[in-house]
Structures are given as structure tokens and as C-alpha cells.
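The values are calculated or read from the model by the stated rules, or taken from the named source; none is laboratory data. None of these values were measured; they are calculated from a predicted model. So basically every Cβ, Gly included, is an ideal-geometry build from the backbone, and we count neighbours across all protein chains shown.
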Amino acid sequence: MWFCRQFLLAWRLLADRPGRFVLSMTGVAFAVVIMFTELGFLNGVTDSSINFALRLDGDLVIVHPQQEHLKSGVEFPLFYLQQIRDVPGVALALPVYTSANYWANPQDGSRNRVLIIGADLDQPMLRFPEIAAYREELRGTDTMLFDRRARAELGQVAPGVRSRLAGHPERVVGLFALGPNFAYEGHVFMSTRNFLRLPDQRPEDVDIGLVRVAPGENIEAVRQRIQARLPTQVTVLTAREIAQRERDVTTRKAPVGIVFGLGLIVGFAIGTVVCYQILFNEVSDHLPQFAMLKAIGHPPRTLTALVLHEALILSLGGFAVGLAAGALLYALLEHQTALQMDLTPPRALLVLVLTSGMCLLAGRFALKKVQAADPADLF
């Protein structure tokens, strides 16, 4: 009951001037949109950076010890993967080849970077259902699947389109869905045989090894056996670890991840300043009312609660407006950048917590003005 009375009184103080109240919520909403934008780009960058890692369909992933992320191009000898096949508990160990190169836009001839993926067609160990659907077509010479979520710079590509990849003629037989990131405009997939037909590709140089553990075997035990067989030549990670590694590299080491992370902090700081200015003006305008509450015997905690309730109302109202604007902005940015801009409930909840925190923090700063209110000013 006490909470409801405080909330209602805070609402009446804020709504005393409807025009300014709307303007105040708009100011808070502006800060919310900034945080949504920075968080959206940060998550868009990280989600896009791990999109390929999430499609690896092996129990264990074999990479070079110096490889920081899957698209760094650091290779290891195929001979190591052949040794792994003899490890007890290993049912299958196959290479996945990758290479960054240029795709020629079939309409205007402009070139943009794509990541080329090559794998065994019968056991691709990749979560692309389109491989099975187009398996027979992909057995043909110089054939490939094209990323339907690639950026528009790569051109309008449909089955049957012919163009050049790494300067080599290729024919698109179908489409698959993966999406671009900040390094590549899109992806293409082809059989190992066609991949090795591209310039400067050698079968003995492997980018990724995928291991499938035999049924009933413990994955961790098999990993330890592999690491014991090749203690320094390769790094053995689980599928979850490889995805987490990709995310960590993007958020902690990649400049773009750091920039958007700092942008989120800046948005919080801007929101705190804006909310403080709003609450300071509200308190200043209603200083006689606060002094009256003191004069009739209300304790300091009542005045404190009243200001913090005002801050809470501003945060909830500003968040609601900012959430609607953020959802529209995410759709627009995803369309323009082709990055994954997913506004998930946990991410929305994070912004709500940050919004409430910045408004309540601003409310604490504004309390100094309330504490200075003197009942003698009423007379």
C-alpha cells in the first residue's frame, strides 16, 4: 500500500506538466535507443562471427595451436588428422577446408571477399541441410552453393548463375543460409574435389579437422587420447568451446567488438546525465511540495522514495518507447547490413536493467536538492 501511494504521488508530480513529461520520457528513450543500438551491433558482430562455428557437426574440432579463430587461415598437415583416425574411440576424422578469396558479382563484375568452404559431400559434418539436397549436383565439376544471406554487393545470385571465384569459373547449383560478418560479405560451399581445383589450394594443408566419437565413448576421454598422441601439433576443442572462442576473440580482441562494447557504456553514461537533468528540473519545480512534506513531518526516507519512484517511472516509460523504436531499428539495420540483429528477451531485459540503473543512479544524485529543501521557504 505504501509503495502504491508513493508511486501514485510520483506519477502525479511527473504528469503535472504533460508536455514536459512526454519530453522527459523521450529523452530517456533516446538513451535507451543508443544502448539498444550499441548492444545490437555488439551482438550482431559476435553472432555473425560464430555463425560458421555453430554449423560444425563434430564432437571435437581439431585446429592449429596458433589459430586464434576459425577464419585466420592457419593450417595444419593432413597427416596429423590421419594419425588421429587411429586413436581408440575415434569413429571419423575428416578435414574441412576454408579459404578467403574474391567472388565476382555476376551483374557488374565487382569483386568482394567471401569465405570458401570445402568438405566431403557424403560426410560433410556440417549442419547445412542443403548439402544433402544438392549432393548430386555438387559432384559436378566447378559447382557450388551460394550463401542466400550474403550482402547485396555480391549480386543477384540464383541457381544456374555462372561467375568467377578466385578467378576460377564456377556454377551455382543451389543456395544455403549462413550470412556475412565483418570479415566477409558471404560464404560459398563446394565439394573437397572442387575446392582443391581452386588456385593455390593443397590437399595436405587443412584448416579444420572434425572428429566424430564412436557411440558409447566418452568425448573428454577421446580428447585426452588425441592430445596425448599429438601433444603440441594440434589443439583439440569441443564444439561449444570453439564457438565460445570465436565469441571471445570478437568481444575482447577485435577492435569492432571493443568499440561497440564501449559504445554501450557511453550510452549508459549519456542516459544517466539526461535522466539526472530531468529529475533535477522536476525536483526544482516541485521544491515547495517537498518542503511541505518535510514540514508536516514526513521522514527523509519518504522524500527519497518519492524521487526514486519518479526515476523508476521515467525508466519504465522511456524503456517502453525505446524498446519499440529499437525493434524497428533492428529490422532496418539487419536489412541494411545483413548482420544478425536479434532482439531476444534476455537482451531486452539487460537494457531494462541498465535503464532502471541509470535512472535510479540519477535519482540518487538529484536527492541532494530534495535534502536541501527547507520548510521555512514556505513562509
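Remarks
- Condition met for G118 (at pLDDT below 95 and either closer than 30 Å to Q336 by Cα or touching a Lys or Arg at 6+ places or on another chain (Cβ under 6 Å) (or both)): no
- Contact map, region 350-379: residues that are under 17 Å from G318 (Cβ atoms) and surrounded by 14 or more Cβ atoms within 10 Å (Cβ to Cβ) paired with residues that are of a type outside the set (D, E, K, R) and at pLDDT below 75, Cβ distance under 6 Å, separation 6+ or inter-chain. Pairs shown: A366/V283.
- Given (1) in a helix (DSSP H, G or I); (2) of a type outside the set (K, R); (3) surrounded by 19 or more Cβ atoms within 10 Å (Cβ to Cβ), number of the condition Q277 does not satisfy: (3)
- In region 106-116, of all residues being under 18 Å from G179 (Cβ atoms) and surrounded by fewer than 21 Cβ atoms within 10 Å (Cβ to Cβ), the one that is farthest from the chain's Cα centre (by Cα) corresponds to N112.
- Residue under evaluation V33, criteria (1) modelled with pLDDT of 85 or more; (2) not in a helix (DSSP H, G or I), criterion not met: (2)
- Residue match in region 70-83 (condition: basic (K, R), outside any helix (DSSP H, G or I), under 30 Å from R252 (Cα atoms) and assigned by TED's automatic domain parsing to the domain that holds D147): yes
- A single entry from L54, L8 fulfils the requirement of being surrounded by fewer than 21 Cβ atoms within 10 Å (Cβ to Cβ), in a helix (DSSP H, G or I) and in contact (Cβ under 8 Å) with a residue 40 or more places away in the chain: L54.
- Region 81-95, residues that are touching a residue at least 40 places away in the same chain (Cβ under 8 Å) and in contact with a strand residue (DSSP E or B) (Cβ under 7 Å, 6 or more places away or on another chain): L81, I84, G89, V90, A91, L92, A93, L94, P95
- Flag not set for F21, criterion: part of a helix (DSSP H, G or I), touching a helix residue (DSSP H, G or I) at 6+ places or on another chain (Cβ under 8 Å), surrounded by fewer than 22 Cβ atoms within 10 Å (Cβ to Cβ) and touching a residue at least 24 places away in the same chain (Cβ under 8 Å).
- Residue match in region 325-339 (condition: under 18 Å from R20 (Cα atoms) and either surrounded by fewer than 17 Cβ atoms within 10 Å (Cβ to Cβ) or assigned by TED's automatic domain parsing to the domain that holds A15 (or both)): no
- Taking region 117-217 and the helices (runs of 4 or more DSSP H) fully enclosed by it, the elements with 3 or more residues that are touching a residue at least 40 places away in the same chain (Cβ under 8 Å) and either hydroxyl-bearing (S, T, Y) or buried (at least 21 other Cβ atoms within 10 Å of the Cβ) (or both) are at 192-195.
- Pair list, Cβ under 9 Å, 6 or more apart: region 225-245 residue touching a residue at least 60 places away in the same chain (Cβ under 8 Å), other residue buried (at least 20 other Cβ atoms within 10 Å of the Cβ) and aromatic (F, W, Y): Q233/F76; V234/F76
- Single match in V45, V87 (criterion: among the aliphatic types (A, V, I, L, M), crowded, with 21+ Cβ neighbours inside 10 Å and over 30 Å from L303 (Cβ atoms)): V45
- Residue match in region 277-288 (condition: farther than 17 Å from G363 by Cα and either touching a His at 6+ places or on another chain (Cβ under 7 Å) or modelled with pLDDT under 75 (or both)): yes
- Residue match in region 180-193 (condition: over 19 Å from G73 (Cα atoms) and of a type in the set (F, W, Y)): no
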